[in-house]
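The values are calculated or read from the model by the stated rules, or taken from the named source; none is laboratory data. Every value quoted in this text rests on a predicted model; they were computed, and no experiment measured them. Here Cβ is always computed from backbone atoms with ideal geometry, including for glycine, and neighbour counts include all displayed protein chains. We work out accessible area using only protein heavy atoms, side chains counted, and drop any ligands, DNA or RNA first. Shrake-Rupley method; radii C 1.70, N 1.55, O 1.52, S 1.80 Å.
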Amino acid sequence: MAAVSVRAVHKHFGSTHVIRGVDIGIADGEFCVLVGPSGCGKSTLLRMIAGLEEITEGEVAIGGTVVNRVPPKERDIAMVFQNYALYPHMTVRNNMSFALMLAKLPKQEIAQRVQKAADILGLAPYLDRYPRQLSGGQRQRVAMGRAIVRDPQVFLFDEPLSNLDANLRVQMRTEIKELHQRLKTTSIYVTHDQIEAMTMADKIVVMRDGIIEQTGDPLTLYDRPANTFVAGFIGSPAMNMIPATVRSNGGAAHAAFEGGATLPLPVGAQITEGQPVLYGMRPEHCSLGNAAGLPAEVIVVEPTGADTQLYCRVNGQEVTATIRDRTDCRPGDRVMLFPDLGRAHLFDAASGRRLAA
């Protein structure tokens, strides 16, 4: 196992500046998830760590050793790809052992490593099958097994679950997390799915347009997003952000909305009189109020059993509320939405920066 350090890394493809001064420190044994929308540079960064892309500027170190000029096969890393990348003419056993055979390890050691990985991943009954005889989830396990047998310092995962159906993704997510808890190998995982990031990571790195917007553990990013991009990206359904203006009118400061509605400011918000802001409230932190609150028209009601999703319209903007109790709301109803002030957020409308104590 080894720590990974990415220091002031840049990547240019011709005149296109893809990665722009990224710094990340990943501790020994940590599970770090790089998350962001398509095209943000997360897979390119992973490939630079793997040695599959050249680094234009900056350094990547694995276990304290700078590896910029070290060939991929000498970096002691193992990569699990999105498309499994299995050899179709080889059995599961041979797919898993191929890299060890190339390394000329003793046959007995290869057999022991393959059997151990197969036992961990539940692949023992399938060792003599070919990839075409396996399900998508089993193929992904084989790809993971091929990485495990190498006993690398670092695992790299490039969107490994994106080709699986929804139920299988949930199952494999749990299996990868359990595997990491057992092996405790430093792992870097790329995904565009924020649910994967939240449920699997020790550390999340949120990227956009080749830069890091915020780094932290999952609940820190959920509770204290640095800006509107992180706030909108982390959490499902996404956070509601409604334009308002800070007013005091000689009394306590409050958020004034179009149409005359007002709400108290979130706890600890740092503001100035007349400042244009975005009032952030997560759907799960909204409740139905009485006289006080933000007037909204119900557009769609989606009961899910455990709770009810209300899709509403406030001043022409769509707003979502997750109501934990059963509700008799119907489309067309007028309701009053009220945020949990201890969990609400305020962002500067111009910069998108979170306004917090």
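Here are some notes:
- Carbon + sulfur, % of accessible area of the chain - ligands and nucleic acids excluded, 1.4 Å: 48
- Under a 5 Å amide H cut-off, with hydrogens placed 1.01 Å from N, A344 pairs with V267 among residues at least 5 apart or on other chains.
- Charging the Cβ of each Asp and Glu at -1 and of each Lys and Arg at +1, and nothing else, the dipole of the chain about its Cα centre rounds to 1080 debye.
- By average C-beta atoms within 10 angstrom, highest first, the peptides 33-45, 294-306, 111-123, 81-93: 33-45, 111-123, 81-93, 294-306
- The chain: angle of helix 166-183 to the longest principal axis, Cα-based, in degrees nearest 10: 60
- Considering helices alone, the calculated mean residue ellipticity of the chain at 222 nm is -7000 deg cm²/dmol, with DSSP H runs of length four and up weighted by -39500 (n - 2.57) and normalised per residue.
- Based on alpha carbons, the Rg and Dmax found for the chain are 24.5, 82 Å.
- Residues listed by number, region 226-241, amide nitrogen under 16 Å from Q317 label point at 7 Å toward C-beta: 227-233, 238-241
- Around the amide H of Q214, modelled in the peptide plane, lie the amide H atoms of V206, all under 5 Å away and 5 or more residues distant in sequence or on another chain.
- Solvent exposure of the chain as accessible area per residue, Å², 1.4 Å probe: 47
- Sequence-separation-based contact order of region 158-215, relative, with Cα cut under 8 Å and 6+ spacing, percent: 27
- Efficiency of FRET between E109 and F81 - r from beta-carbon atoms, R0 35 angstrom, step 0.05: 0.85
- Note on N167 and T199: the model spin-label points, each 7 Å out from Cα along the C-beta direction, lie 1.4 nm apart.
- Estimated vicinal HN-Hα couplings, Hz - region 316-327 in sequence order (Karplus 6.51, -1.76, 1.60; Gly, Pro = x): x, 10, 6, 9, 10, 10, 9, 9, 6, 8, 5, 9
- Put the Cα centre of region 36-85 next to the Cα centre of region 210-281 and the gap is 36 Å.
- Segment R20-F98, length gained on full extension (0.36 nm per residue, minus Cα span): 24.4 nm
- Amide H within-cut-off set for L123, under 5 Å, with H built and near neighbours excluded: none
- For region 38-46, the Karplus equation 6.51 cos²θ - 1.76 cosθ + 1.60, evaluated at θ = phi - 60°, returns couplings of 4, x, 7, x, 5, 5, 4, 5, 4 Hz by residue, with Gly and Pro reported as x.
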